[in-house]
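The values are calculated or read from the model by the stated rules, or taken from the named source; none is laboratory data. Everything quoted here is computed from the prediction, not taken from an experiment. Glycine gets a Cβ as well: all are built from the backbone with ideal geometry, and neighbour counts include every protein chain shown.
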Amino acid sequence: MLLEKAREFINTMYRELNYSQSAIDSRLDEIKNEIAETGTYRHTSEELTYGARMAWRNSNRCIGRLFWETLIVQDARDVETNEAFIEAINTHLKEATNGGKIKSYITIFSPDQPPTIYNNQLIRYAGYEDKGDPAEREITKLAQHLGWQGAGTDFDVLPLIYQLPHETQMRMYELPPELVLEVPIEHRNFPKLKELGIKWYAVPIISNMDLKIGGITYGTVPFNGWYMVNEIAVRNFTDSYRYNLIEKVAEAFEFDTLKNTSFNKDRIVVELNDAVYHSFKKHNVSIVDHLTAAKQFEHFERNEKQAERQVTGKWSWLVPSLSPTLVSNYHHGYSNEMKEPNFFYKKKAEKTGCPFH
């Protein structure tokens, strides 16, 4: 099975990169021999990089796949010590943030003995009983159990909770504030919004997925793209099981009713998107609006058709949560077949506690 997966991956990758058939055969012979001797095989740096990029290209839930070839890979397969682990995490934060001009970035740890990261994202806000992000209450309790005490605000950055291979105890690491870029949210026409003190972090670094390349599973692979505006403005800020800010924002906007027939809930969502987008731009932080993202996805689809590759996708994720009928992919479906290489969510039981976006 492993050799079959390896053969499929190597054939696809090497042909896309215009390697000769003799080079393909030679590499497959090496892999066959390595598997026979050790039971597994090790990807070259080029295979690791291109495999991770292919995984982004195949990510059914991601609307930002046009840029799959630009993904930067930090090869951390040889990381063993705590110092090396923290250095890899800090390097990821610094390089991906890039002063606000966000780079798509992935750090890939050992497939055999990876460190375990318990956070869903490297950067996330704590969730208390009456403050913060309700989606993070479980990991917040774990952090408190390990001795962490937040300030009790709505936007306390959680520590990174992790465990190194061969260690029985969890470790905790508070991310350096200078490596966590945050954006205060304000509105050009509704100045009272700024008084709410709403903010969000710049880089969504997913850390709860497996990466599968050619039969090899990499269990710890924090990775990021950049935000699409409605992920923050619609989902994080207004979902009832997240920050649920509709009523507070209505007061800041001085809307006198939230009756369904007033359409003020709709206005709030639109204006919050405007606020988030222009706040990020004011602070020179990368972000994309939903209509531009959809146009970029159309371009990706054309590229894939030209390359004679099928575009798979999960429709409910590819259609933006704001004004979905205004984008072309609302009007047609996709096969949700999961191709490899790809990213896969871990089983719930494996983690305490959404792809490039």
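A compact table of results
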quantity	calculated
Those residues of the range 334-357 which are at pLDDT 50 or above and under 16 Å from the mean Cα position of the chain (by Cα), in sequence order	Asn342, Phe343, Phe344, Tyr345, Lys346
Of all residues in the range 291-314 being touching a helix residue (DSSP H, G or I) at 6+ places or on another chain (Cβ under 7 Å) and in a helix (DSSP H, G or I), the one that is surrounded by the fewest Cβ atoms within 10 Å (Cβ to Cβ)	His299
Members of the range 105-117 that are surrounded by fewer than 21 Cβ atoms within 10 Å (Cβ to Cβ) and closer than 12 Å to Asn208 by Cα	Thr116
Residues located in the range 36-65, provided they are surrounded by fewer than 21 Cβ atoms within 10 Å (Cβ to Cβ) and polar (S, T, N, Q)	Thr38, Thr40, Thr44, Ser45, Thr49
Those residues of the range 147-160 which are more than 20 Å from the chain's Cα centre (by Cα), farther than 21 Å from Asp239 by Cα and surrounded by 14 or more Cβ atoms within 10 Å (Cβ to Cβ), in sequence order	Trp148, Gly150
All positions within the range 157-194 that are more than 16 Å from Pro115 (Cβ to Cβ), in a loop (DSSP other than H, G, I, E, B) and out of contact with any Lys or Arg (no Cβ under 8 Å at 6 or more places or on another chain)	Glu174, Pro176, Val180, Leu181, Arg188, Asn189, Phe190
Residue check, Arg77 surrounded by fewer than 20 Cβ atoms within 10 Å (Cβ to Cβ), over 30 Å from Thr292 (Cα atoms) and touching a Phe, Trp or Tyr at 6+ places or on another chain (Cβ under 7 Å)	yes
Selection count, the range 25-76, where residues are in a helix (DSSP H, G or I), charged (D, E, K, R) and either in contact with a helix residue (DSSP H, G or I) (Cβ under 7 Å, 6 or more places away or on another chain) or modelled with pLDDT under 95 (or both)	7
Tabulated pairs, the range 81-107, first of a type in the set (Lys, Arg), second modelled with pLDDT of 95 or more and assigned to a helix (DSSP H, G or I), C-beta under 7 angstrom, 6+ apart or interchain	Lys94/Leu179; Lys103/Glu95; Lys103/Ala96
Filter result (surrounded by fewer than 17 Cβ atoms within 10 Å (Cβ to Cβ) and in a helix (DSSP H, G or I)) within the range 275-290	His278, Lys281, Lys282
Residue match in the range 134-145 (condition: over 28 Å from Gly51 (Cβ atoms), within 18 Å of the chain's Cα centre (by Cα) and among the charged types (D, E, K, R))	yes
Odd one out for Asn90, checked against (1) closer than 20 Å to Arg42 by Cβ; (2) outside any loop (DSSP other than H, G, I, E, B)	(1)
Criterion violated by Thr70 - all others in (1) on the phi < 0 side of the Ramachandran plot; (2) surrounded by 13 or more Cβ atoms within 10 Å (Cβ to Cβ); (3) of a type in the set (S, T, N, Q) satisfied	(2)
Residue in the range 195-223 that is farthest from the chain's Cα centre (by Cα), counting only those that are part of a strand (DSSP E or B) and of a type in the set (A, V, I, L, M)	Ile216
Odd one out for Leu93 among (1) in contact with a helix residue (DSSP H, G or I) (Cβ under 8 Å, 6 or more places away or on another chain); (2) surrounded by fewer than 21 Cβ atoms within 10 Å (Cβ to Cβ)	(2)
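Let's see how each residue does on (1) farther than 18 Å from Ile206 by Cβ; (2) not aliphatic (A, V, I, L, M):
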site	(1), (2)
Asn60	no, yes
Ile63	no, no
Thr70	no, yes
Thr81	yes, yes
Ser104	no, yes
Phe109	no, yes
Asp112	yes, yes
Pro115	no, yes
